[in-house]
Amino acid sequence: MNEIISERIAAFREKAELPELDGAKLFEAFAAYCVLHQFHEDEFNAEQHRTGGGNDLGVDAWGIVINGDLYADLDGVKGAVESSREMNVVVIVVQAKQSANYEGKVVADLADNLRQICSRAPIAYTASPEIRELHEALSLIYDHHQKLTENSPRLEARYVHCGEEANADLDKKCRSAEAALDELGRFHSIRFEAVGWRRLSQLYQRSQRKINVAFEWPSKVAIPAIAGVKEAWMGTIPASVFVERLLVDEGGSIRKFLFEDNIRDFQGESNEVNSGIAETLADPGGRKRFVVLNNGITVLARSFDISGSECHMSDFQIVNGCQTGHVLFAHREQLADVHLKLTVIETEDEVMSDAITVATNRQTQIPAEDLRSNRQIHREIEEFFQTAHAPRDLYYERRSGQYDARSVTMTRVVKQNQLVQAYAAVFRGQAHEATRPAKLRRDPAVRIFHPASHGVAYYTAASVWYQVEWLFRNNRVEGRWRPARFMLMAAVVARFSGGAALPAGRAKAERFCEALLAQIWNRDEVERLVSLMVGRLEAMAEADPSTQRLSDLVRTKGFTERFLKEAAEVE
């Protein structure tokens, strides 16, 4: 293998905490990470996307991006399809070979297999569970074709190898593969590429850089000095520049993580306001009036530099304009003559950032005090995480990308949705609903991120999440049991606590969680318990009279409760 790629893989293995993964499996995970990162710039677990076994039909890894979120299994895709009003979909498949010589036959074979995987008919070939899951996920998306946005879905196929970049013959085979797949009529666009070692090295380097955008903004004016603000600018900008340079990543997916400080997620184009924006963009005359009809976009940036009309910005959030941004993205082919109001504020003052976010998100349905309390509980959770030290160190990512510039092992960074899932599963009796984090956050009865919550409880939930994920990531537990991971987390905590519930009072909750943590951070004991529980889970799944697949069973309350009861008795 090329020496540069070997060094890149070694760095990736350490960063991704994959000490027990080596050889072809490690290369597959590395290739998956490099390719998928083009279409989803936020951090993710590449090992989850690896198919990892025989009968994979040449697909070593796959991922599906829906509305900016990346999914690795049918369960995740199902949740996204159910909760989305509209869907912008990118399907990514990766074949990875360590060989220093590329083979044209590989491209032709992969294209033939993808025709099977992407068709409506059942796969005629012998296929692994992971590939059948991909086929079902695509079928589910096709079943909801009425939700698909313009220019969607897209198929991105990559043949990754350690040889030189493709020659003219291999390029022709890639174009032929695109034409063969296009005959299915399943995708708006198809791109099939061969990735050699140089391109692979570049992709990995890019994945390690903080998001940094450059764009032309000649029509801007400086806002007078404000305490707590380094500098601020406002003006108008072509909507196409905003979308292409700020809103969309290299792979053409919307950077959804830019909207994390918005209280409301995108409400869909069926929303009255958003449908009005779409109608304006569809009207040639309305497009020219857009700049005076729309409130525009407000961006908070940690770094904003100007050289003439060229601007460079990094570590930024769109704190006002979530709805506008998504509609512009959906109608990016209709942005000729469309201009947009843009305000960029550079500040490192957290108090000022909070004040700006609250002010720009204030709506009659969301009182300002609720906005502030929502942000305060996240700060308290983050601060509690910071009290933990190695080997128990975990990091709560309150703000997307906040650990990018720090020497932090990214598998120890816990994102908001992951924390929602873990906390709801182990302390709120919602293991069967854990794959639906958006629903859990909306449900007042579940009390996710409630102001009365305790930071130690969220850290405890994150700890068991980390330990169970480590077992899956390093193949200590077979990947086919991953759909049941939240049930396994809940079972481990229930076993360690003797079935006791999390106390309401702070002092009692802290004592309760400290006792749990002493056991959770004993990885050998967690692995022993999980292995025993998986055996019981397998027996239950085989005996279940409904004959449902595991990913469906674990989403039912009855099956989950029966499993937790039996898991409490395993020895």
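The values are calculated or read from the model by the stated rules, or taken from the named source; none is laboratory data. What you are looking at is a predicted structure, and each value in this text was computed from that prediction instead of being measured. FYI the Cβ positions are ideal-geometry reconstructions off the backbone, even for glycines, and counts take in every protein chain you see. Surface accessibility is based on the protein's heavy atoms, side chains included, excluding ligands, DNA and RNA. Shrake-Rupley method; radii C 1.70, N 1.55, O 1.52, S 1.80 Å.
The residues of segment 1-16 that are within 25 Å of residue 64 (Cα to Cα), open to solvent by less than 30 Å² (accessible area, probe 1.4 Å) and touching a Ser or Thr at 6+ places or on another chain (Cβ under 7 Å) amount to a single one, 16. Out of the residues in segment 346-361 that are open to solvent by less than 20 Å² (accessible area, probe 1.4 Å) and outside any helix (DSSP H, G or I), which is modelled with the lowest pLDDT? Residue satisfying both the conditions and the ranking: 347.
Over 22 Å from residue 72 (Cβ atoms) and open to solvent by less than 10 Å² (accessible area, probe 1.4 Å): which single residue out of 516, 502 fits that description?
Values: 502 fails: open to solvent by less than 10 Å² (accessible area, probe 1.4 Å).
Within the list 516, 502, the selection yields 516.
Among residues of segment 524-571 being at pLDDT 90 or above and among the polar types (S, T, N, Q), the one that is nearest to residue 481 (Cα to Cα) is 531.
To keep it simple, each residue is scored yes or no on (1) open to solvent by less than 30 Å² (accessible area, probe 1.4 Å); (2) over 22 Å from residue 83 (Cα atoms); (3) among the β-branched types (Val, Ile, Thr); (4) modelled with pLDDT of 90 or more.
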| site | (1), (2), (3), (4) |
| --- | --- |
| 264 | no, no, no, no |
| 299 | yes, yes, yes, yes |
| 310 | no, yes, no, yes |
| 314 | yes, yes, no, no |
| 320 | no, yes, no, no |
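Restricting the search to segment 105-142, which residues are open to solvent by 20 Å² or more (accessible area, probe 1.4 Å), over 18 Å from residue 66 (Cβ atoms) and assigned to a helix (DSSP H, G or I)? Hits for segment 105-142 are 105, 108, 109, 112, 113, 115, 116, 129, 130, 132.
Contact annotation: no residue pair with Cβ atoms under 7 Å, 6 or more positions apart or on different chains, pairs a residue in segment 419-433 that is on the phi > 0 side of the Ramachandran plot with a partner that is at pLDDT 95 or above and open to solvent by 20 Å² or more (accessible area, probe 1.4 Å). Residue selection: residue 221 satisfies the criterion of being in contact (Cβ under 8 Å) with a residue 12 or more places away in the chain and surrounded by fewer than 16 Cβ atoms within 10 Å (Cβ to Cβ).
In segment 11-34, the residues that are more than 16 Å from residue 200 (Cα to Cα) and assigned to a helix (DSSP H, G or I) form Cβ pairs under 9 Å with partners that are at pLDDT 85 or above and open to solvent by less than 30 Å² (accessible area, probe 1.4 Å), at six or more places apart or across chains, as follows: 15/411; 25/18; 25/47; 25/50. Restricting attention to segment 362-391 and to residues that are at pLDDT below 65 and of a type in the set (Val, Ile, Thr), the residue that is least open to solvent (accessible area, probe 1.4 Å) turns out to be 366. Being out of contact with any helix residue (DSSP H, G or I) (no Cβ under 9 Å at 6 or more places or on another chain), of a type outside the set (D, E, K, R) and within 26 Å of residue 12 (Cα to Cα), is that true of even one residue in segment 71-81? No; the residues of segment 71-81 include none that is out of contact with any helix residue (DSSP H, G or I) (no Cβ under 9 Å at 6 or more places or on another chain), of a type outside the set (D, E, K, R) and within 26 Å of residue 12 (Cα to Cα).
Can you go through 179, 194 and tell me which one is assigned to a helix (DSSP H, G or I) and either modelled with pLDDT under 95 or open to solvent by 50 Å² or more (accessible area, probe 1.4 Å) (or both)? If you could, list the steps in order and put the result at the bottom.
Values: 194 fails: assigned to a helix (DSSP H, G or I).
Of 179, 194, the one residue that is assigned to a helix (DSSP H, G or I) and either modelled with pLDDT under 95 or open to solvent by 50 Å² or more (accessible area, probe 1.4 Å) (or both) is 179.
Would you call residue 282 open to solvent by less than 20 Å² (accessible area, probe 1.4 Å), modelled with pLDDT of 85 or more and in contact with a His (Cβ under 9 Å, 6 or more places away or on another chain)?
On the way: open to solvent by less than 20 Å² (accessible area, probe 1.4 Å): no; modelled with pLDDT of 85 or more: yes; in contact with a His (Cβ under 9 Å, 6 or more places away or on another chain): yes.
The answer is no for residue 282.
When the criteria are applied in full, residue 268 fails the requirement of being over 12 Å from residue 322 (Cβ atoms) and either over 29 Å from the mean Cα position of the chain (by Cα) or modelled with pLDDT under 90 (or both). When residue 330 is tested against (1) over 30 Å from residue 217 (Cβ atoms); (2) at pLDDT 85 or above; (3) open to solvent by less than 40 Å² (accessible area, probe 1.4 Å), just one condition goes unmet, and that condition is (1). Reported count of residues in segment 442-459, each being touching a Phe, Trp or Tyr at 6+ places or on another chain (Cβ under 8 Å) and part of a helix (DSSP H, G or I), is 5.
If I filter segment 210-219 for residues that are over 19 Å from residue 305 (Cα atoms) and either under 19 Å from the mean Cα position of the chain (by Cα) or among the small types (Gly, Ala, Ser) (or both), do I get at least one hit? Walk me through it before giving the result.
Here is the first cut: in segment 210-219, the ones over 19 Å from residue 305 (Cα atoms) are none.
No, because not a single residue in segment 210-219 is over 19 Å from residue 305 (Cα atoms) and either under 19 Å from the mean Cα position of the chain (by Cα) or among the small types (Gly, Ala, Ser) (or both).
Going by what's in this entry, would residue 560 be described as among the β-branched types (Val, Ile, Thr) and in contact with a helix residue (DSSP H, G or I) (Cβ under 6 Å, 6 or more places away or on another chain)? Yes, satisfied. Cβ separations smaller than 7 Å between residues 6+ apart or across chains give the following pairs from segment 522-547 residues that are touching a residue at least 24 places away in the same chain (Cβ under 8 Å) and within 16 Å of residue 469 (Cβ to Cβ) to residues that are open to solvent by 40 Å² or more (accessible area, probe 1.4 Å) and not in a helix (DSSP H, G or I): 527/476. Taking residues in segment 392-413 that are on the phi > 0 side of the Ramachandran plot and crowded, with 18+ Cβ neighbours inside 10 Å, and partners anywhere that are at pLDDT below 75 and not in a strand (DSSP E or B), the pairs with Cβ atoms closer than 9 Å and at least 6 places apart or on different chains are 401/210.
In segment 549-571, of all residues being part of a loop (DSSP other than H, G, I, E, B) and either more than 11 Å from residue 432 (Cα to Cα) or of a type in the set (Phe, Trp, Tyr) (or both), the one that is least open to solvent (accessible area, probe 1.4 Å) corresponds to 570.
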